[in-house]
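The values are calculated or read from the model by the stated rules, or taken from the named source; none is laboratory data. Keep in mind the model is a prediction, meaning the values are calculated, not measured. Cβ coordinates were reconstructed from backbone atoms using ideal geometry, including for glycine residues, and neighbour counts include every protein chain displayed.
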Amino acid sequence: MRKIITISREFGSGGRELRKRLADELGFKYYDKEILEKILENDNYDDTYIKNFSEKQLVTNTLHYANSFYIYESIQNPRTEIIAEEHKLLRKLANKENCVIVGRAANSILKEFDPFNIFVYSDMKYKLERCRTKGTEEEAELTNENIEKQINKIDKGRKKYYESVSDLKWGNKLDFDLCINTSKMEIKKMVPSLASYIKEFYKQ
């Protein structure tokens, strides 16, 4: 069976950076927004329709700091046909190769693959610092209060999406193999030890 790692994360906690560094360390593929790009290749759907839907309704798990606060919309009514297609694609990827998948409730959708599930979180102080460091000049000028409101809004949307497509509660530690607080250590310094931990996990 393939080795699958899923990463769920709070916004601003560095989950995307962890995904790339961990995948590189392990030699795995990684997926986040690329999943939606692959869905666009499906001839059963209109590309424009899916692209518009993807950006407005499923964007909460593919955000970049550069556009996060300004294109975000909470998920209201996930389109079941697109969700179903995405789940099919997740399973296809899990069958194909060792990979790291961020968001998409992948820990729930791929539970039959027995993935190694990570939840990444951080104290608000460090989320604010990360947003200011990684964000645009426009975002850097926002007050801490405004940034915190946006962080909470995005996480609320992630929670809503997660719980609309799975039977789990977003952020519940019992649903993860490892919960990581990125507040007080650089992510790049965590990765070698984390990779070793995962390798031991898969030896069992």
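Every condition in (1) modelled with pLDDT under 90; (2) among the basic types (Lys, Arg); (3) over 30 Å from Lys149 (Cβ atoms) is met by Arg79 except one, and the failing one is (3).
Each row is one residue, and each column tells you yes or no for (1) at pLDDT 90 or above; (2) surrounded by 17 or more Cβ atoms within 10 Å (Cβ to Cβ).
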{"position": "Leu110", "(1), (2)": "yes, yes"}
{"position": "Phe116", "(1), (2)": "yes, yes"}
{"position": "Glu139", "(1), (2)": "no, yes"}
{"position": "Asn146", "(1), (2)": "no, no"}
{"position": "Lys169", "(1), (2)": "yes, no"}
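Taking the listed residues Lys199, Lys159, the one that is modelled with pLDDT of 90 or more, within 30 Å of Ile83 (Cα to Cα) and in a helix (DSSP H, G or I) is Lys159, with no other qualifying. A Cβ distance below 9 Å, combined with a sequence gap of six or more or placement on separate chains, defines the contacts here; from the range 173-189, residues that are farther than 26 Å from Lys111 by Cα reach residues that are surrounded by 15 or more Cβ atoms within 10 Å (Cβ to Cβ) and among the aromatic types (Phe, Trp, Tyr) in the pairs Ser183/Tyr121; Ser183/Tyr126; Lys184/Tyr126. Of the residues screened, Asn95 is one that is over 16 Å from the mean Cα position of the chain (by Cα) and part of a helix (DSSP H, G or I).
Just to be sure, is Ser183 exposed (fewer than 12 other Cβ atoms within 10 Å of the Cβ) and either more than 18 Å from the chain's Cα centre (by Cα) or not in a helix (DSSP H, G or I) (or both)?
no
Evaluated against (1) surrounded by fewer than 15 Cβ atoms within 10 Å (Cβ to Cβ); (2) without any contact (Cβ under 8 Å) to a residue 60 or more places away in the chain, Pro192 falls short on exactly one condition, (2).
Can you name the number of the only condition in (1) under 13 Å from the mean Cα position of the chain (by Cα); (2) buried (at least 21 other Cβ atoms within 10 Å of the Cβ); (3) modelled with pLDDT of 85 or more that Ile35 fails? Result: Ile35 fails condition (3) only. Filtering Leu174, Leu142, Leu168 for residues that are under 30 Å from Ala84 (Cα atoms) and part of a loop (DSSP other than H, G, I, E, B) leaves a single hit, Leu168. Yes or no: the range 52-66 includes at least one residue that is under 18 Å from the mean Cα position of the chain (by Cα), modelled with pLDDT of 65 or more, in a helix (DSSP H, G or I) and surrounded by 15 or more Cβ atoms within 10 Å (Cβ to Cβ). So far as the range 52-66 goes, no, none of its residues is under 18 Å from the mean Cα position of the chain (by Cα), modelled with pLDDT of 65 or more, in a helix (DSSP H, G or I) and surrounded by 15 or more Cβ atoms within 10 Å (Cβ to Cβ).
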